[in-house]
(Lines give C-alpha, C1' and ligand atoms only; values in the text may rest on other atoms or scores of the structure.)
Protein backbone atom coordinates (compact mmCIF):
# COMPACT_ATOMS: atom_id res chain seq x y z
CA UNK A 1 0.00 0.00 0.00
CA UNK A 2 3.04 2.29 -0.13
CA UNK A 3 2.07 3.63 -3.56
CA UNK A 4 -1.46 4.45 -2.41
CA UNK A 5 -0.14 6.15 0.73
CA UNK A 6 2.23 8.33 -1.30
CA UNK A 7 -0.50 9.22 -3.81
CA UNK A 8 -2.81 10.35 -1.01
CA UNK A 9 -0.06 12.35 0.72
CA UNK A 10 0.69 14.17 -2.52
CA UNK A 11 -2.92 14.84 -3.44
CA UNK A 12 -3.98 15.93 0.06
CA UNK A 13 -1.15 18.49 0.12
CA UNK A 14 -2.55 20.19 -3.00
CA UNK A 15 -5.52 21.63 -1.12
CA UNK A 16 -8.27 23.17 -3.23
CA UNK A 17 -6.10 22.93 -6.34
CA UNK A 18 -6.19 19.14 -6.33
CA UNK A 19 -7.11 17.46 -9.60
CA UNK A 20 -10.41 15.64 -9.14
CA UNK A 21 -9.57 12.83 -11.54
CA UNK A 22 -6.44 11.48 -9.81
CA UNK A 23 -7.91 12.30 -6.40
CA UNK A 24 -11.11 10.42 -7.17
CA UNK A 25 -9.12 7.38 -8.30
CA UNK A 26 -7.02 7.43 -5.12
CA UNK A 27 -10.08 7.75 -2.88
CA UNK A 28 -11.78 4.88 -4.72
CA UNK A 29 -8.69 2.70 -4.28
CA UNK A 30 -8.58 3.57 -0.57
CA UNK A 31 -12.28 2.76 -0.12
CA UNK A 32 -11.77 -0.60 -1.82
CA UNK A 33 -8.82 -1.42 0.45
CA UNK A 34 -10.78 -0.37 3.55
CA UNK A 35 -13.79 -2.40 2.46
CA UNK A 36 -11.58 -5.47 2.16
CA UNK A 37 -9.84 -4.88 5.50
CA UNK A 38 -6.49 -4.58 3.73
CA UNK A 39 -5.71 -1.24 5.38
CA UNK A 40 -6.92 0.17 8.68
CA UNK A 41 -7.10 3.61 10.26
CA UNK A 42 -5.22 2.12 13.22
CA UNK A 43 -3.42 -1.18 13.59
CA UNK A 44 -2.29 -3.22 16.62
CA UNK A 45 1.29 -4.32 17.27
CA UNK A 46 2.40 -7.50 19.02
CA UNK A 47 3.18 -5.56 22.21
CA UNK A 48 -0.39 -4.32 22.53
CA UNK A 49 0.25 -0.78 21.28
CA UNK A 50 -1.77 0.76 18.46
CA UNK A 51 -0.44 2.83 15.57
CA UNK A 52 -2.63 5.42 13.89
CA UNK A 53 -2.33 5.49 10.10
CA UNK A 54 -2.77 9.20 9.50
CA UNK A 55 -2.63 8.76 5.74
CA UNK A 56 -5.86 6.75 5.82
CA UNK A 57 -7.62 9.67 7.49
CA UNK A 58 -6.04 12.04 4.96
CA UNK A 59 -7.54 9.96 2.19
CA UNK A 60 -11.00 9.94 3.78
CA UNK A 61 -10.92 13.72 4.28
CA UNK A 62 -9.75 14.09 0.68
CA UNK A 63 -12.78 12.09 -0.39
CA UNK A 64 -15.13 14.43 1.43
CA UNK A 65 -13.35 17.44 -0.05
CA UNK A 66 -13.71 16.35 -3.67
CA UNK A 67 -17.07 14.58 -3.35
CA UNK A 68 -20.17 16.00 -4.96
CA UNK A 69 -23.71 15.61 -3.72
CA UNK A 70 -25.75 12.98 -5.52
CA UNK A 71 -29.25 11.59 -5.13
CA UNK A 72 -29.33 8.02 -3.80
CA UNK A 73 -33.03 8.16 -2.93
CA UNK A 74 -35.46 5.29 -3.29
CA UNK A 75 -39.21 5.63 -3.78
CA UNK A 76 -39.82 6.00 -0.04
CA UNK A 77 -36.52 7.19 1.45
CA UNK A 78 -34.75 10.42 0.45
CA UNK A 79 -30.97 10.03 0.62
CA UNK A 80 -28.39 12.59 -0.53
CA UNK A 81 -24.68 12.22 0.11
CA UNK A 82 -21.20 12.65 -1.31
CA UNK A 83 -20.62 10.41 -4.32
CA UNK A 84 -17.25 9.36 -2.89
CA UNK A 85 -18.79 7.56 0.10
CA UNK A 86 -22.02 5.76 -0.82
CA UNK A 87 -23.44 2.74 0.99
CA UNK A 88 -21.02 -0.18 1.36
CA UNK A 89 -21.48 -2.84 -1.36
CA UNK A 90 -22.23 -5.86 0.81
CA UNK A 91 -22.98 -9.28 -0.67
CA UNK A 92 -24.29 -12.52 0.82
CA UNK A 93 -20.82 -14.04 0.43
CA UNK A 94 -19.47 -11.48 2.94
CA UNK A 95 -21.33 -13.45 5.65
CA UNK A 96 -22.42 -10.28 7.45
CA UNK A 97 -25.91 -10.53 8.88
CA UNK A 98 -27.63 -7.22 8.17
CA UNK A 99 -31.15 -7.41 9.58
CA UNK A 100 -33.71 -5.24 7.69
CA UNK A 101 -34.97 -2.08 9.31
CA UNK A 102 -33.09 1.13 8.57
CA UNK A 103 -29.43 0.29 9.15
CA UNK A 104 -26.69 1.85 7.04
CA UNK A 105 -23.05 0.94 6.46
CA UNK A 106 -20.88 3.42 4.59
CA UNK A 107 -18.33 2.32 2.03
CA UNK A 108 -14.75 2.38 3.22
CA UNK A 109 -15.57 0.36 6.33
CA UNK A 110 -14.77 -3.28 7.03
CA UNK A 111 -17.15 -5.80 8.58
CA UNK A 112 -15.64 -9.25 9.05
CA UNK A 113 -17.54 -12.52 8.55
CA UNK A 114 -19.93 -13.29 11.37
CA UNK A 115 -20.76 -9.68 12.26
CA UNK A 116 -24.41 -9.15 13.18
CA UNK A 117 -26.10 -5.78 12.59
CA UNK A 118 -29.45 -5.17 14.28
CA UNK A 119 -31.69 -2.37 13.01
CA UNK A 120 -31.27 0.50 13.02
CA UNK A 121 -27.51 0.90 13.40
CA UNK A 122 -24.80 2.84 11.58
CA UNK A 123 -21.17 2.16 10.67
CA UNK A 124 -19.20 5.10 9.30
CA UNK A 125 -16.29 5.28 6.86
CA UNK A 126 -12.92 4.04 8.07
CA UNK A 127 -14.38 1.80 10.77
CA UNK A 128 -13.17 -1.78 11.28
CA UNK A 129 -15.45 -4.37 12.90
CA UNK A 130 -13.87 -7.76 13.49
CA UNK A 131 -15.32 -11.29 13.44
CA UNK A 132 -18.53 -12.23 15.30
CA UNK A 133 -19.11 -8.77 16.76
CA UNK A 134 -22.69 -7.67 17.34
CA UNK A 135 -23.82 -4.11 16.66
CA UNK A 136 -27.18 -3.77 18.34
CA UNK A 137 -30.12 -1.47 17.61
CA UNK A 138 -29.43 2.29 17.56
CA UNK A 139 -25.69 1.66 18.05
CA UNK A 140 -23.06 3.77 16.28
CA UNK A 141 -19.60 2.78 15.10
CA UNK A 142 -18.04 6.13 14.25
CA UNK A 143 -15.52 7.00 11.57
CA UNK A 144 -12.23 5.07 11.91
CA UNK A 145 -13.33 3.30 15.13
CA UNK A 146 -11.71 -0.12 15.60
CA UNK A 147 -13.92 -2.88 17.04
CA UNK A 148 -12.45 -6.26 17.99
CA UNK A 149 -13.66 -9.84 17.73
CA UNK A 150 -16.82 -10.91 19.60
CA UNK A 151 -17.51 -7.40 20.87
CA UNK A 152 -21.11 -6.68 21.82
CA UNK A 153 -22.23 -3.09 21.33
CA UNK A 154 -25.57 -3.05 23.12
CA UNK A 155 -28.59 -0.96 22.12
CA UNK A 156 -27.81 2.76 21.73
CA UNK A 157 -24.10 2.31 22.48
CA UNK A 158 -22.03 5.04 20.87
CA UNK A 159 -18.46 4.54 19.69
CA UNK A 160 -17.37 7.98 18.57
CA UNK A 161 -15.51 8.74 15.38
CA UNK A 162 -12.16 10.53 15.22
CA UNK A 163 -11.25 11.91 11.79
CA UNK A 164 -9.58 15.15 12.82
CA UNK A 165 -6.83 15.86 13.52
CA UNK A 166 -5.46 13.16 11.24
CA UNK A 167 -2.79 12.08 13.75
CA UNK A 168 -5.31 11.60 16.58
CA UNK A 169 -5.94 8.00 17.58
CA UNK A 170 -9.43 6.66 16.90
CA UNK A 171 -11.55 4.92 19.52
CA UNK A 172 -10.39 1.32 19.97
CA UNK A 173 -12.45 -1.50 21.50
CA UNK A 174 -10.48 -4.73 21.73
CA UNK A 175 -11.62 -8.37 21.58
CA UNK A 176 -14.41 -9.77 23.78
CA UNK A 177 -15.48 -6.42 25.21
CA UNK A 178 -19.07 -5.87 26.31
CA UNK A 179 -20.44 -2.33 25.95
CA UNK A 180 -23.75 -1.81 27.73
CA UNK A 181 -26.77 0.10 26.49
CA UNK A 182 -26.44 3.88 26.20
CA UNK A 183 -22.72 3.69 26.95
CA UNK A 184 -20.44 6.08 25.07
CA UNK A 185 -16.75 5.85 24.16
CA UNK A 186 -15.19 8.93 22.60
CA UNK A 187 -12.01 10.89 21.80
CA UNK A 188 -9.55 8.09 21.19
CA UNK A 189 -10.17 6.03 24.33
CA UNK A 190 -8.94 2.43 24.35
CA UNK A 191 -10.99 -0.35 25.94
CA UNK A 192 -8.74 -3.36 26.46
CA UNK A 193 -9.70 -7.02 25.97
CA UNK A 194 -12.57 -8.54 27.94
CA UNK A 195 -13.50 -5.29 29.68
CA UNK A 196 -17.16 -4.68 30.52
CA UNK A 197 -18.78 -1.25 30.41
CA UNK A 198 -22.11 -1.19 32.20
CA UNK A 199 -25.10 0.70 30.82
CA UNK A 200 -24.63 4.45 30.91
CA UNK A 201 -20.84 4.52 31.23
CA UNK A 202 -19.27 7.44 29.34
CA UNK A 203 -15.56 7.69 28.56
CA UNK A 204 -13.74 10.67 27.01
CA UNK A 205 -10.18 11.96 26.95
CA UNK A 206 -10.93 14.11 30.01
CA UNK A 207 -12.60 11.36 32.06
CA UNK A 208 -11.04 10.13 35.30
CA UNK A 209 -11.50 6.39 35.71
CA UNK A 210 -11.39 5.24 39.34
CA UNK A 211 -10.24 1.70 40.14
CA UNK A 212 -11.57 0.49 43.49
CA UNK A 213 -9.73 -2.82 43.16
CA UNK A 214 -6.25 -1.47 42.45
CA UNK A 215 -6.91 1.83 44.26
CA UNK A 216 -5.66 3.97 41.40
CA UNK A 217 -6.96 6.56 38.95
CA UNK A 218 -6.57 6.27 35.18
CA UNK A 219 -6.44 9.42 33.05
CA UNK A 220 -5.35 10.44 29.58
CA UNK A 221 -2.24 12.52 28.96
CA UNK A 222 -0.92 14.55 26.04
CA UNK A 223 0.83 11.43 24.76
CA UNK A 224 -1.45 8.60 25.85
CA UNK A 225 -5.22 8.05 25.65
CA UNK A 226 -7.47 6.97 28.48
CA UNK A 227 -7.32 3.19 28.73
CA UNK A 228 -9.73 0.79 30.39
CA UNK A 229 -7.61 -2.12 31.73
CA UNK A 230 -8.07 -5.64 30.46
CA UNK A 231 -11.00 -7.41 32.11
CA UNK A 232 -12.13 -4.35 34.09
CA UNK A 233 -15.83 -4.07 34.95
CA UNK A 234 -16.82 -0.40 34.84
CA UNK A 235 -20.03 1.11 36.21
CA UNK A 236 -21.23 4.72 36.32
CA UNK A 237 -20.62 6.49 39.64
CA UNK A 238 -19.97 9.93 41.06
CA UNK A 239 -17.33 11.84 43.03
CA UNK A 240 -17.85 14.78 45.36
CA UNK A 241 -16.89 18.33 44.42
CA UNK A 242 -14.99 20.45 46.92
CA UNK A 243 -15.84 24.00 47.96
CA UNK A 244 -18.48 25.76 50.01
CA UNK A 245 -20.88 26.20 47.07
CA UNK A 246 -20.65 22.52 46.12
CA UNK A 247 -21.12 21.50 49.76
CA UNK A 248 -24.13 23.79 50.12
CA UNK A 249 -25.86 22.31 47.08
CA UNK A 250 -24.67 18.72 47.47
CA UNK A 251 -22.95 18.70 44.10
CA UNK A 252 -21.00 15.81 42.63
CA UNK A 253 -19.49 14.93 39.25
CA UNK A 254 -19.95 11.85 37.11
CA UNK A 255 -17.16 9.31 37.54
CA UNK A 256 -16.82 5.83 35.98
CA UNK A 257 -15.65 3.27 38.54
CA UNK A 258 -13.97 -0.13 38.17
CA UNK A 259 -15.76 -2.24 40.77
CA UNK A 260 -14.14 -5.58 39.96
CA UNK A 261 -12.33 -7.54 37.27
CA UNK A 262 -14.05 -10.02 35.01
CA UNK A 263 -14.87 -13.45 36.46
CA UNK A 264 -17.04 -16.45 35.60
CA UNK A 265 -20.18 -14.68 36.79
CA UNK A 266 -19.44 -11.73 34.51
CA UNK A 267 -18.77 -14.07 31.58
CA UNK A 268 -22.16 -15.72 32.06
CA UNK A 269 -23.94 -12.35 32.09
CA UNK A 270 -22.27 -11.08 28.91
CA UNK A 271 -21.97 -14.19 26.72
CA UNK A 272 -22.88 -13.86 23.03
CA UNK A 273 -25.22 -16.69 22.12
CA UNK A 274 -24.27 -18.61 18.99
CA UNK A 275 -27.95 -19.26 18.28
CA UNK A 276 -28.39 -15.53 17.52
CA UNK A 277 -25.98 -15.88 14.64
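Identify the residue in region 155-167 that is under 13 Å from the mean Cα position of the chain (by Cα) and over 17 Å from residue 117 (Cα atoms) and, among all such residues, is modelled with the highest pLDDT.
Here is the first cut: in region 155-167, the residues under 13 Å from the mean Cα position of the chain (by Cα) are 157-163.
Filter again for over 17 Å from residue 117 (Cα atoms), leaving 160-163.
On the way: 160: 95, 161: 90, 162: 88, 163: 88.
It comes out as 160.
Go through the residues of region 176-195 one by one and say whether even a single one is at pLDDT 95 or above and in contact with a helix residue (DSSP H, G or I) (Cβ under 8 Å, 6 or more places away or on another chain).
Yes, some residue in region 176-195 is at pLDDT 95 or above and in contact with a helix residue (DSSP H, G or I) (Cβ under 8 Å, 6 or more places away or on another chain).
Can you find, within region 144-160, the residue that is surrounded by the most Cβ atoms within 10 Å (Cβ to Cβ) among those that are in a loop (DSSP other than H, G, I, E, B) and touching a strand residue (DSSP E or B) at 6+ places or on another chain (Cβ under 8 Å)? Explain how you work it out, then say what you get.
Residues of region 144-160 in a loop (DSSP other than H, G, I, E, B): 144-145, 148-151, 154-157, 160.
Filter once more, so that each one left must be touching a strand residue (DSSP E or B) at 6+ places or on another chain (Cβ under 8 Å): 144-145, 148, 151, 154, 157, 160.
Values: 144: 32, 145: 29, 148: 22, 151: 27, 154: 21, 157: 28, 160: 21.
Per the criteria, the residue is 144.
With crowded, with 19+ Cβ neighbours inside 10 Å, touching a helix residue (DSSP H, G or I) at 6+ places or on another chain (Cβ under 6 Å) and in a helix (DSSP H, G or I) as the only criterion, which of 31, 23 stands out?
Numbers: 31 fails: touching a helix residue (DSSP H, G or I) at 6+ places or on another chain (Cβ under 6 Å).
Result: 23 is the single residue among 31, 23 that is crowded, with 19+ Cβ neighbours inside 10 Å, touching a helix residue (DSSP H, G or I) at 6+ places or on another chain (Cβ under 6 Å) and in a helix (DSSP H, G or I).
Starting from region 5-24, keep only residues that are free of Cβ contacts under 8 Å to residues at least 12 places away in the same chain and at negative phi, then list their pairs with residues that are part of a helix (DSSP H, G or I) and surrounded by 13 or more Cβ atoms within 10 Å (Cβ to Cβ) whose Cβ atoms are within a distance under 6 Å, requiring at least 6 positions of separation or different chains.
none
Please find, among 48, 126, the residue that is loosely packed, with under 13 Cβ neighbours inside 10 Å and out of contact with any strand residue (DSSP E or B) (no Cβ under 8 Å at 6 or more places or on another chain). Give the derivation first.
Working: 126 fails: loosely packed, with under 13 Cβ neighbours inside 10 Å.
Sole residue among the options that is loosely packed, with under 13 Cβ neighbours inside 10 Å and out of contact with any strand residue (DSSP E or B) (no Cβ under 8 Å at 6 or more places or on another chain): 48.
Condition (residue is within 25 Å of residue 144 (Cα to Cα) and under 23 Å from the mean Cα position of the chain (by Cα)) applied to region 251-264: is it met by at least one residue? Spell out the reasoning first.
First pass over region 251-264, keeping only residues within 25 Å of residue 144 (Cα to Cα): 256.
Filter once more, so that each one left must be under 23 Å from the mean Cα position of the chain (by Cα): 256.
Looking through region 251-264, at least one residue is within 25 Å of residue 144 (Cα to Cα) and under 23 Å from the mean Cα position of the chain (by Cα).
For region 87-106, indicate whether the set of residues that are surrounded by 13 or more Cβ atoms within 10 Å (Cβ to Cβ), in contact with a helix residue (DSSP H, G or I) (Cβ under 6 Å, 6 or more places away or on another chain) and touching a residue at least 40 places away in the same chain (Cβ under 8 Å) is non-empty.
No, every residue in region 87-106 fails to be surrounded by 13 or more Cβ atoms within 10 Å (Cβ to Cβ), in contact with a helix residue (DSSP H, G or I) (Cβ under 6 Å, 6 or more places away or on another chain) and touching a residue at least 40 places away in the same chain (Cβ under 8 Å).
Quick check: is even one residue across region 56-75 in a loop (DSSP other than H, G, I, E, B), under 17 Å from residue 144 (Cα atoms), touching a strand residue (DSSP E or B) at 6+ places or on another chain (Cβ under 8 Å) and touching a residue at least 12 places away in the same chain (Cβ under 8 Å)? Full working, then the answer.
Step one: filter region 56-75 for residues in a loop (DSSP other than H, G, I, E, B), giving 67-68, 72-75.
Filter once more, keeping what is under 17 Å from residue 144 (Cα atoms): none.
No.
The values are calculated or read from the model by the stated rules, or taken from the named source; none is laboratory data. Bear in mind the structure is a predicted one, so any value in this text is a computation, not a measurement. As a convention, Cβ positions derive from the backbone with ideal geometry for all residues, glycine included, and neighbour counts pool all protein chains shown.
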